[in-house]
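In what follows, a single structure is set out as structure tokens and then discussed.
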Amino acid sequence: MANEPYPYLVHTNRELEMMLAGSKPFAVFAHERVDGFEKSDALANQDFATYVANGKVSEHIRSFTRHLPDGSSLDIDYYFYSRRGEEWRVEAFLLLLDLMGRGAWCSQLEWLEGKLLGYTDEQNLYHLSRTYPKDRWVAETFGKQASSKPIELT
């Protein structure tokens, strides 16, 4: 299962297209400020600026410094894009980033991340069953979902 393609289209590098089509409420990009890695690289060369300027999409930027175990640090700019009315997802995602920075990450938080980014429960559970194959919560939840209805393929 781990090497099989997903039975639905993942959002990666299609975020803007999906947001404009109304099928994705929110997108997040991390831009590590290192030589040779530009903001456009982090955004997969998607032109959010045009849609921010015309008000179809809002942009929120937060910058953090991550202190690494070797004593060095890394500056990261997070670019959050949301459709109108979905701006609340920025603060919710920032809470997830805070938890992740504290080493608190689990299948339930990854499920919440997927929900914030616009994945369906079925898509999330499929992903989690691959990422956390031995996780009891995923197995119990995925088992219930799998028996109740098929995975949405959009």
Matching residues, the stretch 43-70, being under 16 Å from GLU86 (Cβ atoms), in a loop (DSSP other than H, G, I, E, B) and not charged (D, E, K, R): GLY55
Residues located in the stretch 40-65, provided they are among the basic types (Lys, Arg) and over 17 Å from the mean Cα position of the chain (by Cα): LYS56
Within the stretch 30-85, considering residues that are more than 24 Å from GLY101 (Cβ to Cβ) and of a type in the set (Phe, Trp, Tyr), the one surrounded by the fewest Cβ atoms within 10 Å (Cβ to Cβ): TYR51
Failed item, numbered, when GLU4 is tested on (1) within 15 Å of the chain's Cα centre (by Cα); (2) under 21 Å from THR131 (Cβ atoms): (1)
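Quickly run through the stretch 10-42 and pick out the residues that are acidic (Asp, Glu) and either part of a loop (DSSP other than H, G, I, E, B) or within 24 Å of GLN123 (Cα to Cα) (or both).
Hits for the stretch 10-42 are GLU15, GLU17, ASP35, GLU38.
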Meets criteria (without any contact (Cβ under 8 Å) to a residue 60 or more places away in the chain and farther than 21 Å from GLY118 by Cβ) for LYS56: no
Candidate set: the stretch 125-154, residues that are in contact with a Leu (Cβ under 9 Å, 6 or more places away or on another chain), modelled with pLDDT of 85 or more and not aliphatic (A, V, I, L, M); chosen: the one surrounded by the fewest Cβ atoms within 10 Å (Cβ to Cβ): TRP137
GLY118 vs. criteria of a type outside the set (A, V, I, L, M), free of Cβ contacts under 8 Å to residues at least 12 places away in the same chain and at positive phi: no
Matching residues, the stretch 102-129, being over 22 Å from SER23 (Cβ atoms), part of a helix (DSSP H, G or I) and of a type outside the set (Ser, Thr, Tyr): GLN108, LEU109
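The values are calculated or read from the model by the stated rules, or taken from the named source; none is laboratory data. Keep in mind that what you see is a predicted model, and the values were worked out from it rather than measured. For neighbour counting, all protein chains shown are included, and Cβ atoms are generated from backbone atoms with ideal geometry for every residue, glycine included.
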